[in-house]
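Every read-out reported here was derived from the displayed coordinates using simple, explicitly stated rules and does not represent laboratory data. Small disclaimer: the values here were computed from a predicted structure and weren't measured. Cβ sites come from the backbone with ideal geometry, for glycine too, and all protein chains shown count toward neighbours.
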Amino acid sequence: MIFAISCTDKPGSLELRMATRPTHLAYLQEHMANFVLVGPVLDGEGKPCGSLLVVEAADQAAAEAFAAGDPYAKAGLFETVTVRPFRTVFKDGAQV
């Protein structure tokens, strides 16, 4: 099953994001086989202000556990985290 994980950084937390980034990337590399699409959300100045992860997981609990295990989440970077089931309609220029 596919899930969209939407995370919004706490205001003024860019320094924490950058300090935690190496461990965050290492965590993502361990799970990359489950990714559909993953990356930072940017503010108007092009600076990261959140994350969007579209991932495959067995169920809601597994997706939530993955999100909670992210070093960014453990460091307290996020103001909000939302995990919801996701249905792909278009991908790579085609309707699926």
Restricting attention to segment 80-90, which residues are closer than 17 Å to residue 2 by Cα and touching a residue at least 24 places away in the same chain (Cβ under 8 Å)?
-> 81, 82, 83, 84, 85, 86, 87, 88
Got a number for residues in segment 63-79 being exposed (fewer than 15 other Cβ atoms within 10 Å of the Cβ) and free of Cβ contacts under 8 Å to residues at least 24 places away in the same chain?
-> 3
For segment 1-58, which fully contained strands (runs of 3 or more DSSP E) count at least 2 residues that are in contact (Cβ under 8 Å) with a residue 40 or more places away in the chain and among the β-branched types (Val, Ile, Thr)?
-> 2-9, 48-56
Can you name every residue in segment 11-29 that is over 16 Å from residue 67 (Cα atoms) and surrounded by fewer than 17 Cβ atoms within 10 Å (Cβ to Cβ)?
-> 11, 12, 14, 15, 16, 18, 19, 22
